[in-house]
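Where a number appears in this text, it was derived from the coordinates with a stated rule and is not lab data. The shown structure was predicted, so the numbers you read here are calculated from the model rather than taken from an experiment.
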Amino acid sequence: MGIKKLSWTGVLALILCVAPAYCDTIIGNVSAGFQSWAATNLTETGHPYWDNSSMDGPEQNVGYYLINALTAPLPGAPGPLPFWGNAFDSSSDTGGSADQNFYFQRTAPTSTAILELEVAGRSNINEFGWYDITDTTTLHPLFLGPDVALASSNFSPTADYYGLYIKSGPDVYFTQSSLNSGGDTTHQHFAVFQESSTTGFESYWIGVEDLSVNGLGANEGGAGDYNDMLIHLSVFAVPEPSTAMLVLSGSILVIGLARRRSAHARDQKLRQGRGAAWAQASSPHNLRAPRNV
């Protein structure tokens with residue numbers, strides 16, 4: 001049993017060492033980056049840009065859901081994750097404006113999107129997905145109106161650079177706001193929060209606003225509460241064929257060594273047993289005296 005455990009531990013260690021690390025990274029305005037904030041910054045005054053009042057009730061914008069507030073419960077809430085945007089001063093609760101145009105650089109073969117939350121009057125018609133930044137006429141949906149919370153979808157963008165979109169009725173809004181329909185070209189409909197920046201384990205939470213500035217009017221700070229959809233986006237690595245072959249070869253090698261070591265131990269034990277039997281047979285105590293006839 002000990003040798004078998006050792007061999008599989010070796011296989012696992014080999015897989016962990018050779019698996020490649022991938023991540024999809026954000027490309028946006030040179031002045032933008034991930035900004036830190038705390039629960040005490042949630043004042044519904046528009047700083048950061050997603051911290052607005054909500055037509056759903058008091059203290060229900062995306063920030064309150066991320067911290068699992070009593071007014072915005074969310075099982076598994078990740079806490080106050082850094083958001084993508086312009087400089088934010090958490091001590092004075094100032095700044096934190098939106099980066100109006102950003103997209104993702106694809107370096108992972110496959111990504112997983114989970115619909116964690118949907119608080120929207122238009123949930124039955126909303127559509128969320130990705131698009132190739134060089135072809136915004138072709139949309140690739142991940143979640144449609146009938147989908148409910150905890151629905152998941154794996155996707156593999158065919159483009160090296162892609163963005164996200166929300167389609168609500170006839171209008172489509174992109175992470176590149178300049179592409180938005182209905183003249184809503186200076187309104188960022190997405191708030192991206194970084195859960196992990198560890199290489200190979202990157203993940204994001206993405207809050208979505210489905211109403212335009214005209215649709216919001218004087219409500220929700222004229223920008224939105226970004227809780228209409230909350231998507232958990234994670235990226236994972238799939239070993240390439242060459243990596244898979246290396247893992248397989250290493251596994252065979254480790255198992256072969258383990259079997260060889262096991263056979264050697266068995267032979268040694270057998271030789272020791274034979275030696276002990278010969279020694280016992282040769283012992284004076286085991287030699288019988290000649291019988292008188």
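Remark on Met229: its backbone amide H falls under 5 Å from those of Val119, Val208, a criterion applied only to residues 5 or more positions apart or on other chains, H modelled at 1.01 Å from N.
Residue-wise HN-Hα couplings along the range 172-179, as the Karplus relation 6.51 cos²θ - 1.76 cosθ + 1.60 with θ = phi - 60° gives them from phi, are 10, 10, 10, 5, 8, 4, 4, 8 Hz; Gly and Pro carry x. Full extension of the chain between Asn124 and Leu70 yields a length gain of 16.8 nm, computed as 0.36 nm times the residue separation minus the alpha carbon distance.
Spread over its residues, the convex hull of the C-alpha atoms of the range 26-184 is 128 Å³ per residue. Per-residue 3J(HN,Hα) values for the range 44-60, derived from phi via the Karplus relation 6.51 cos²θ - 1.76 cosθ + 1.60 with θ = phi - 60°, read 6, 10, x, 10, x, 4, 8, 8, 10, 5, 10, 6, 7, x, x, 6, 10 Hz in sequence order (x marks Gly and Pro).
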